[in-house]
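Each reported figure results from applying straightforward, stated rules to the coordinates on display, with no laboratory input. All of these numbers come straight from a predicted model, not from anything done at the bench. Reconstructed Cβ throughout: ideal geometry from the backbone, glycine too, with neighbour counts over all protein chains shown.
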Amino acid sequence: MDRRQFLTMGATLAAAAPFSDGAHAQSVTARVGYIPIVGTAPFFVASGEGWLKQGGIETAITVFESGPNMIQALASGTIDIYVAGVAPLAVARSRGVDVRVVASTAVGENVVVTAPSLTKFFTDGVAPAAAFKAFRAANGKPARLATQPPGSVPDTVLEYWLWEVAKVDKADVAIVPMGIDATQQAILAGAVDGGTVREPALTILQTRNPQIKLVAGGEEVFPGQPGTVVAVSGAFATKSPAAVQAVVDGLVKAAALLKADPDKAAPHVAAALGKGIVDPELIRKALVSPASRFEIDPRKIIEPARAMQAYQVKLGSLDKEAPFDGLFETQYYERAIKTGG
């Protein structure tokens, strides 16, 4: 072997090394931001089953109220991994935040529910637009619907359902932005008349008050609705590609476990989301809810995410569409399914 062949082989081995099993042995601390919804379950199952630690990853976890609130932490370099809605990420990238989506975790998560004050107008055979109009006529004010901040997935899909699907008169609805926990509490307290929720909020709400009604499912509110994703900062991906691969490998295994044995997966999710407050059985019910659809393949959400962004431009929550160039990095998922995670 001459010197040139030796150097070429060395470069090839170095390029392959970040994804080798040996590279996983080096421990990396990943600072993770997430929002407390069941759509993040694959991440916490992967962590709880020990697959992240086996991949050489230690995690430092911070909870946030919404994806848009997490963008600043991502931009400032205080988190490495983002586990939240896809909607804010293309805009963040267009503004100079180097972020890369490496996996989806769930789709079709956001659903629309009505509080008792509004539920009574949603009777069989009555279209949503007519129900909202009847509410306003009876109460002298528009129905108040809670959702997360403008630019978030929950806000975007709620507006799409209201204006594009249900054709509701804008005079009949007032949208109230608030955090995830605040939305749940406001619906339970009757401070609002409904809103968008995700699991486990849907199960919690309907368990505590059966008069809270699911009036639009995830696919109805936005076709192909993209939801929670795992994204990493460019700096983290460059410095620790083996860690990124280990995360995606773990997500693939976690999704399989969630489907095959939700009873085994539930305690890991309850520990992350319930904090000892929510009944683990309730979390288990949320995992098998129609609003819980776990999907790791990031390729499946690229076009729906693009359609969602186009609708945000129509709404005015975005000035213009941001390019998707470099936003999705699918090679980690492709490698994970090729090697069996």
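Work out the P(r) tail for the chain: percent of alpha carbon pairs separated by more than 24 Å, whole number.
Working: 31998 of 57970 pairs.
Of all Cα-Cα pairs in the chain, 55 percent lie more than 24 Å apart.
Report the extension gain between Thr123 and Ala182 in nm, rounded to one decimal, defined as 0.36 nm multiplied by the number of residues separating them, less their alpha carbon distance.
Numbers: separation 59, 0.36 × 59 = 21.24 nm, distance 2.71 nm.
In short, 18.5 nm is gained.
In the range 258-328, what trypsin sites (Lys or Arg not before Pro) fall in a loop by DSSP, with at most 14 other Cβ atoms inside 10 Å? Write out the running numbers ahead of the final one.
On the way: sites: Lys259, Lys264, Lys275, Arg284, Lys285, Arg293, Arg299, Lys300, Arg306, Lys314, Lys320; in loops: Lys275, Lys320.
Those satisfying the criteria are Lys275, Lys320.
Would you mind classifying the range 111-221 by shape? Square roots of the alpha carbon gyration tensor eigenvalues, ordered a ≥ b ≥ c; an a/c under 1.5 is rounded, otherwise it is prolate if a/b is larger than b/c and oblate if not. Because its axes are fairly even, with a/c under 1.5, the range 111-221 counts as rounded.
Rounded to the nearest 20 Debye, what is the dipole magnitude of the range 19-99 about its Cα centre when Lys and Arg each give +1 and Asp and Glu each give -1 at the C-beta?
Working: 4 positive and 6 negative charges, 41 e Å.
About 200 debye.
Averaging 1/r over each pair of different alpha-carbon atoms in the range 239-341 and inverting the result gives 16.2 Å, the Kirkwood hydrodynamic radius.
What does the highest-first list of 54-64, 37-47, 106-116 look like by mean Cβ count within 10 Å? Each step should come with its number before you reach the end.
Details: 54-64: 16.7, 37-47: 27.5, 106-116: 25.5.
Packing proxy ranking, top to bottom: 37-47, 106-116, 54-64.
Between the residues Thr59, Thr78, Pro150, the greatest Cα displacement towards the positive end of the dipole of the chain, with unit charges on the Cβ of Lys, Arg, Asp and Glu, is found for Pro150. Considering only alpha-carbon pairs that sit under 8 angstrom and 6 or more positions apart, the relative contact order computed for the chain is 27 percent. Straightening the chain between Ala137 and Ala191 buys 17.6 nm, computed as 0.36 nm per residue apart minus the Cα-Cα spacing.
Shown in residue order for the range 252-258 are the 3J(HN,Hα) couplings computed by the Karplus curve 6.51 cos²θ - 1.76 cosθ + 1.60 at θ = phi - 60°: 4, 5, 5, 4, 5, 5, 4 Hz (x for Gly and Pro).
Label sites at Ala235 and Lys259, each approximated as a point 7 angstrom past Cα along Cα to Cβ, lie 3.7 nm apart.
Along the charge dipole of the chain, Cβ charges K/R +1 and D/E -1, which of Pro262, Gly224, Thr183 sits furthest on the positive end? Selected residue: Thr183.
With +1 assigned to the C-beta of every Lys and Arg and -1 to the C-beta of every Asp and Glu, and no other charges, what is the dipole magnitude of the range 253-320 about the Cα centre in debye, to the nearest 20? Let's see the in-between values first.
Numbers: 12 positive and 8 negative charges, 41 e Å.
Magnitude of the dipole: close to 200 debye.
Using +1 on the beta carbon of Lys and Arg, -1 on that of Asp and Glu, and nothing else charged, what's the dipole of the chain about the Cα centre, debye to 20? Can you show the working numbers first?
Numbers: 32 positive and 32 negative charges, 38 e Å.
The dipole of the chain has a size of about 180 debye.
I'd like the orientation of helix 262-273 relative to the chain: the angle between its Cα long axis and the longest Cα principal axis, in ° from 0 to 90, rounded to 10. Approximately 80 degrees, to the nearest 10.
The HN-Hα couplings worked out from phi for the range 220-235 by the Karplus form 6.51 cos²θ - 1.76 cosθ + 1.60 (θ = phi - 60°) are 6, 6, 7, x, x, 2, x, x, 6, 9, 10, 10, 10, 6, x, 5 Hz, whole numbers, x standing for Gly and Pro.
Among Tyr311, Tyr82, the order by Cβ neighbours within 10 angstrom, fewest to most, reads Tyr311, Tyr82. The value of relative contact order for the range 111-221, using C-alpha pairs under 8 Å at least six residues apart, is 43 percent. Near Arg293, the amide H atoms lying under 5 Å from its own belong to Val107; only residues 5 or more places off or on other chains count, and H is placed 1.01 Å from N. With respect to the chain, whose longest principal axis is taken over its alpha-carbon atoms, helix 67-76 is tilted by about 30°.
The alpha-carbon positions of the range 99-157 define a convex hull whose volume is 111 Å³ per residue.
Ranked by the mean number of other Cβ atoms within 10 Å per residue, highest first, peptides 66-74, 182-190 order as 66-74, 182-190. The H on the amide N of Ile175, modeled in the peptide plane, is under 5 Å from the matching H of Leu145, each at least 5 residues off or on a different chain. For the chain, what proportion of DSSP beta bridges, expressed in % and rounded to the nearest 5, is antiparallel? Once the DSSP bridges in the chain are tallied, antiparallel ones form about 55 percent. For helix 128-139, what angle does its Cα long axis make with the longest principal axis of the chain, in degrees from 0 to 90 and rounded to 10? Value to nearest ten degrees: 50.
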